[in-house]
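Participant: Quick one: structure below, then a few questions.
Values in this text are rule-based calculations from the coordinates and carry no lab data. Bear in mind the structure is a predicted one, so any value in this text is a computation, not a measurement. Virtual Cβ from ideal backbone geometry, glycine too; neighbours counted across all protein chains shown.
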Amino acid sequence: MFIYACKRFGVAVLVAITVSLLSFSLIYLSGDPAMALAGESATSEDIENIRRVYGYDQPIMVQYVDWLSRVVQGDFGRSHYLKREVAEVIFERLPTTMLLGACALGFAILLSIPLGVLAAIRPNTIIDRLALTLAVVGQALPSFWFALILIFWLGITWRLLPITGTASWQNFIMPAVALGYYVTPAIMRLTRAGMLEVLSSDYIRTARAKGLKPATVLFKHALRNAIIPVVSLAAVQFGFMLGGSIVIETIFAINGLGFLAWETIQRGDLPTMQAIVLVLACFYIVLTFLADMLNAFLDPRIRVA
Amino acid sequence: MADRILEVNNLTVDIPVPSGMLHAVQGVSFSVGRGETLCIVGESGCGKSLTSLAIMDLLPANASRTADKLEHDGVDILNIGENRMANIRGNTMGMIFQEPMTSLNPAYTISNQLEEALLRHKKVGRGEARERAVFLLEKVGITAASNRLRQYPHQLSGGLRQRVMIAMTLMCGPDLIIADEPTTALDVTIQAQILLLLAELQKEFHMGLILITHDLGVVARVADRVAVMYAGQLVEQGTATQVFENPTNPYTQGLLDCIPIPGKTARGAHLGSIPGIVPSLIGDLNGCRFADRCPYAKDECVAKDIEFRAAFEAGHSYRCVLSPEVCAKNAQRKLIA
């Protein structure tokens, strides 16, 4: 188990380095950063000055190592637009997005896993069909449109829930549902497929031959094995939701990282964009690592791999 | 306590398939005494496994089971519902499956899977369950049992896993064990060990044992009584001696002809084979199922269903239109030829 954890950790670090390289090079993907900073009316002398001040005249590898060593210390530089430390802005916004993502994932899991299990133990029945319908609708419905429908009915017509802001827990219901519903179909279908496969396996027959109660067979013996691929998927989906929250946060005017990303892209605020990409990517990496560890806990065969 | 630990009368299993109804088991009747080993033999697809699953009520959901009588220890288990059946399964009636590699849950330790059976059926503590598990693992020939308990199925070989399966079935001290081809998936060298182990344990704990196999060599070694199945029906039943010495049904004769018997089969002699293939069991079935492969088939064989009839000795019966005398003569002629 320890060796497995070390291996996975090593891979995670390598991926993180790669991602940092990519997010660093964002600066150069959109042209000469010094020219962008200086503005249209700047003379070539001004541009040269800016280049020297910001270190853009150094070789790229030197700049990268320089940037990375500052990032590791939590210094993402200064936003030219917000006139604030990028790290400060990000850590101000991050908790909101994390909370939204966690709520959305919680909603998705609470909806999709029971439905997937039900669909698997009663395949091709009305329950299965209903679950399938829900999945198809969820897959086909763009999340921004679903969010607008929610706002229209729950927020405006019936006035049940607040439609913007983050003032109370009620503000998170609609965004979490809108964001979570989009990942529900994948998790549900994977749970259903996994359960169907596991329920027809020999060890389930053994469990039944031992006279175990149906609930024990289902939850202890079947679900634990069926859930393994779902854990990996849920981790990826959670990362995806952090990124996908850009749309949802914009619609619901939630002051999170996604909203910040949208603002940043509009203004061309490169250091902030770099930092957001890096932070979200690192979350992805951490989640994948945690999912690997959870799977190793669930399935002892993974531990030796 | 009934003398007969299991009594099966006219058991049928039907499975709907796209092209009609598959009559997998058709009116099978037999009984198993306390401390007796009954071997059910027959080729693949003849309904041996489904018969055993039907007894345990573990058939696939779409299969339907009927019987005139299905009694375990004198108590009807045919229509007692899933809950009461679950109380019997793994408790007084255990089953060992064909595939030891996949029959254990990969996610749980051996101890968890062994103890769970006992904790489910008996009022015992974890410590007691652990003791019982260690005792039985040693009983089935696993050394360093307490270390093995901490291991997961993937850390054990096929032979070890099958031993664990056997120990698991024994946890609650059952009076009947059904072993469905327990050695088919194992190395030849391990097969004999496992079978002898089963036979030993069966004697020691005085259990009834139904051993399903297509290995006639195994049958000859461990069986008290033998039931031969063909195409979903029993075709011959008797003590091991009766069936091996005086096979009466033409299919049994053909089957025994296919294996060399030390002291009986001459060195260099050709072994027999049964031409043709097993008939389809889908749709209406009439007459002798073996008729189109049988060397003695007559018109009357396909006209109507053939009844079971008594052979020479008590307890020996078979299914054929031919009289025991004719069958015996046929067997003799075959030996000379």
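Participant: Taking neighbour counts of Cβ atoms within 10 Å as a proxy for exposure, in what order, fewest first, do B:HIS154, B:HIS316 appear?
Facilitator: Neighbour counts put them in this order, fewest first: B:HIS154, B:HIS316.
Participant: Take B:ASP3, A:ASP128 and order them by how many other Cβ atoms sit within 10 Å, fewest up front.
Facilitator: Going from least to most buried by this count: B:ASP3, A:ASP128.
Participant: Across peptide B:108-114, what mean number of C-beta atoms from other chains lies inside 10 Å of a residue's C-beta?
Facilitator: Neighbouring Cβ atoms belonging to other protein chains average 2 per residue here.
Participant: Treat every Asp and Glu Cβ in the range A:89-303 as -1 and every Lys and Arg Cβ as +1, leave all other atoms uncharged, and give the resulting dipole magnitude about the Cα centre to the nearest 20 debye.
Facilitator: Dipole magnitude for the range A:89-303 comes out near 960 debye.
Participant: Here's something else I'd like to know. May I ask you to list the trypsin sites (Lys or Arg not before Pro) in the range B:241-337 that are in a DSSP loop and have at most 14 other Cβ atoms within 10 Å of their Cβ?
Facilitator: Here the sparse-neighbourhood loop sites are B:LYS264, B:ARG267, B:LYS298, B:LYS304.
Participant: Can you list the lysines whose alpha carbon is less than 27 Å from that of B:LYS122, not counting same-chain residues fewer than 8 positions off?
Facilitator: In chain and number order, the partners are A:LYS210, A:LYS213, A:LYS220, B:LYS139, B:LYS203.
Participant: Size of the dipole of the range A:2-86 about the Cα centre, Lys and Arg at +1 and Asp and Glu at -1 on the beta carbon, nothing else charged, in debye to 20?
Facilitator: Using only the charged Cβ atoms, the result is roughly 600 debye.
Participant: Looking only at other chains, what is the average number of their beta-carbon atoms within 10 angstrom of each beta-carbon in B:97-105?
Facilitator: That average works out to 5.
Participant: Which longest run of chain B has no exposed loop site in it, a site being chymotrypsin sites (Phe, Trp or Tyr not before Pro) in a DSSP loop with at most 16 other beta carbons within 10 Å, and the site itself not part of the run?
Facilitator: So the longest stretch without any such site is B:1-295.
Participant: Regarding the range A:2-86, what whole-number volume in Å³ per residue does the convex hull of its Cα atoms give?
Facilitator: 111 Å³
Participant: The range B:49-151: which GluC sites (Glu not before Pro) are DSSP loop and have at most 13 other beta-carbon atoms within 10 angstrom?
Facilitator: none
Participant: Now a separate question. Can you tell me the dipole magnitude for chain B around its Cα centre, using point charges on the Cβ only (Lys, Arg +1; Asp, Glu -1), in Debye to the nearest 20?
Facilitator: Using only the charged Cβ atoms, the result is roughly 680 debye.
Participant: Around B:ILE210, which amide H atoms from residues at least 5 apart in sequence, or from another chain, sit under 5 Å from its own amide H, with H modelled in the peptide plane?
Facilitator: Amide H neighbours of B:ILE210, under 5 Å, 5+ apart: B:LEU38, B:ILE177, B:ILE178, B:ALA179.
Participant: Going by Cα centres, the range B:212-260 and the range B:17-95 are how many Å apart?
Facilitator: 20 Å
Participant: Where does the longest stretch of chain A lie that holds no trypsin sites (Lys or Arg not before Pro) found in a DSSP loop with 13 or fewer other Cβ atoms within 10 Å?
Facilitator: A:160-305
Participant: Any idea which of B:LEU234, A:LEU223, A:GLY239 is furthest toward the positive side of the dipole for the protein assembly as shown, if Lys and Arg beta-carbons carry +1 and Asp and Glu beta-carbons -1?
Facilitator: Most positive-ward Cα: B:LEU234.
Participant: May I ask you to sort A:TRP169, A:TRP67 by Cβ crowding, counting other Cβ atoms within 10 Å and putting the fewest first?
Facilitator: Result, fewest neighbours first: A:TRP169, A:TRP67.
Participant: Here's another thing I want to ask about it. Given A:SER25, A:GLY55, A:ALA42, which one lies farthest toward the positive end of the charge dipole of the range A:2-86, if we put +1 on the Cβ of every Lys and Arg and -1 on the Cβ of every Asp and Glu?
Facilitator: Sorting the options by dipole projection puts first A:SER25.
Participant: How many Å³ per residue does the convex hull of the Cα positions in the protein assembly as shown occupy?
Facilitator: About 233 Å³ per residue, rounded to a whole number.
Participant: Scale the Cα Rg of the range B:55-159 by the rule-of-thumb value 2.2 N^0.38 Å and send over the ratio, two decimals.
Facilitator: 1.26
Participant: A:LYS83: which aspartates and glutamates have alpha carbons under 13 Å from its alpha carbon, excluding same-chain residues fewer than 8 sequence positions away?
Facilitator: Cross-link targets: A:ASP269.
Participant: Using the Kirkwood formula on the Cα atoms of chain A, what hydrodynamic radius do you get, in angstrom to one decimal?
Facilitator: So the Kirkwood estimate lands at 22.1 Å.
Participant: For B:LYS123, go through the aspartates and glutamates and keep the ones whose alpha-carbon is under 17 Å away, minus same-chain ones fewer than eight residues off.
Facilitator: List returned: B:GLU115, B:GLU131.
Participant: Oh, and also: List the GluC sites (Glu not before Pro) in the range A:1-103 that DSSP assigns to loop (not H, G, I, E or B) and whose Cβ has at most 13 other Cβ atoms within 10 Å. Which are they?
Facilitator: Qualifying residues, ordered by number: A:GLU40.
Participant: Once Lys and Arg get +1 and Asp and Glu get -1 on their Cβ, which of A:LEU132, A:PHE107, A:ALA209 lies farthest toward the positive end of the dipole of the range A:61-219?
Facilitator: A:ALA209
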